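Peer 1: I'd like to ask you about the structure that follows.
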Amino acid sequence: MSKIIVYTGKNDKLIYVLPATNDLTIEEIAEKDVPENTPYHIIEATDLPSDRTYRDAWIWNNGVVIDENKKLEIDNAIENKINTKAALLERLGITEDEARLLLA
Amino acid sequence: MAKQTFSVGQVLSAAQMTSLQATAMGGGAPVTKTASYTLVAADAGTVIQMNSASSTTITVNTALFAAGDSVQIQNIGAGVCTITAGTATVTTAGSLALSQWEGGTLYFTSTSASIFFDVVQSGSTSPLTTKGDLYTRTSSADARLPVGTNGYTLVADSAETTGLKWQAASVGQTYFKAFCSFNGTGTPAVLNGYNVSSITDNGTGDYTVNFTNSISSANYTFLLSVSKVGGVVSLGTGRMIVAQEDEIGTNSLRVNVFSTANALADADRVNVGLVLA
């Protein structure tokens, strides 16, 4: 199991540090590469979600979890983008379903 | 037995014969000294044994010994005993400073010149303690250079006590200052790297490469590339990577990966290299 360092950045976004050398201990890497005076946690890399679709919704809450509000924002942003493009394509005579197929 | 002059018809006693035998075999009872001493003519053929906790000297002067005479010198004390050329010369290929349990033979080639043949006691003074240690020397004494980190190379450095030091292996004739390749999707993993301590994942398509040792200048050339699985790259899967101009530093470099729709996006593999002449 490889360990990583996680801490909370701006807007409560979870940031993680992935060690890249065996010459330093993970504590030494945390001391060096985590911003000063920032609390951090050391966890197993496999504790991160393997699906990064909602990477920007990851937060720390006694573990790495997906913030539902941020997840909704991401879903809405994706949906809005699809809708905007679909509307443009519709003006070209392409249906929304056809547009979704094209953009999938 | 000190050097003697025998006369014709002289009868030697058993004690004299025993002493001669001991001298011929390179031994004999030593003449112990506990303070600095200047050799005298009667020392020819004898063993002078220094035994002092403090530093001492044994001084060699001219007109006392003939060519072919010799004096064995031993130091059994904790203090260093140094054979010192007084008015006579003393030549050696070794050291005239005898630590405890060191010794040798002072051999005269004339009344005013001598050679000290020191006895090197194999292993008795080795500074080595650990597998991989190197036997080196400072300006004045033998020294141990501990084994280096795996993959490091030995380089000369006059600023070091032993004139040597271990350092990370040079790559590409020292021009590559750092590089790494890591997964941008799935379980995070660094595939390989040099002079990179960690990768910070700041979010989707947003990474900071942190250097183990600072780069001497931020004016390095960075080589960035990404890969994306899924067959032929299309409008939806294409990726491009750029460095953040205000975060090109000597300790780290922040890069962003974008989709062809100009939004931050993950790549399957991210490669970063730094070159500096």
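The values are calculated or read from the model by the stated rules, or taken from the named source; none is laboratory data. As the structure is a computational prediction, the values presented were derived from the model and not from experiment. In this analysis, Cβ positions are derived from the backbone assuming ideal geometry, glycine residues included, and neighbour counts consider all displayed protein chains.
Peer 1: Find all pairs meeting these conditions: Cβ atoms under 6 angstrom apart; at least six residues apart or on different chains; first residue within segment B:171-193 and facing chain A (nearest Cβ under 7 Å) and part of a loop (DSSP other than H, G, I, E, B); second residue at pLDDT below 90 and buried (at least 20 other Cβ atoms within 10 Å of the Cβ).
Peer 2: Partner pairs satisfying both residue conditions: B:185/B:266.
Peer 1: Which residues, counting only those in segment B:157-196, are in contact with a Gly (Cβ under 6 Å, 6 or more places away or on another chain), modelled with pLDDT of 85 or more and farther than 16 Å from residue B:275 by Cβ?
Peer 2: Correct list: B:166 only.
Peer 1: Which of the residues spanning segment B:170-193 are within 28 Å of the chain's Cα centre (by Cα) and surrounded by fewer than 13 Cβ atoms within 10 Å (Cβ to Cβ)?
Peer 2: B:170, B:172, B:173, B:174 - these are the residues of segment B:170-193 that are within 28 Å of the chain's Cα centre (by Cα) and surrounded by fewer than 13 Cβ atoms within 10 Å (Cβ to Cβ).
Peer 1: Kindly indicate the residue of segment B:240-254 that is assigned to a strand (DSSP E or B) and within 14 Å of chain A (Cβ to nearest Cβ) and also modelled with the lowest pLDDT among those meeting that condition.
Peer 2: So, considering only residues that are assigned to a strand (DSSP E or B) and within 14 Å of chain A (Cβ to nearest Cβ), the one modelled with the lowest pLDDT is B:247.
Peer 1: Give B:199, B:215, B:248 a once-over and let me know the one that is surrounded by 13 or more Cβ atoms within 10 Å (Cβ to Cβ) and touching a Cys at 6+ places or on another chain (Cβ under 8 Å).
Peer 2: B:199
Peer 1: While we're on this one: Restricting to segment B:242-277, name every residue that is among the polar types (S, T, N, Q) and touching a residue at least 12 places away in the same chain (Cβ under 8 Å).
Peer 2: Of everything in segment B:242-277, those that are among the polar types (S, T, N, Q) and touching a residue at least 12 places away in the same chain (Cβ under 8 Å) turn out to be B:244, B:250, B:251, B:252, B:256, B:259, B:260, B:271.
Peer 1: When segment B:194-215 is examined, which residues are found to be facing chain A (nearest Cβ under 7 Å) and either under 31 Å from the mean Cα position of the chain (by Cα) or not β-branched (Val, Ile, Thr) (or both)?
Peer 2: Result: B:196, B:197, B:198, B:201, B:202, B:203, B:210, B:212.
Peer 1: Please work out if residue B:11 is under 25 Å from residue B:110 (Cα atoms) and modelled with pLDDT under 95.
Peer 2: No: the conditions fail for residue B:11.
Peer 1: Looking for whichever is basic (Lys, Arg) and surrounded by fewer than 14 Cβ atoms within 10 Å (Cβ to Cβ) here; the options are A:71, A:32, A:81, A:85. Which one fits?
Peer 2: On inspection, the qualifying residue turns out to be A:81.
Peer 1: Against the conditions (1) modelled with pLDDT of 85 or more; (2) over 24 Å from residue B:150 (Cα atoms); (3) away from chain A (no Cβ under 12 Å), where does residue B:264 fall short? Just the number, please.
Peer 2: Result: residue B:264 passes all but (3).
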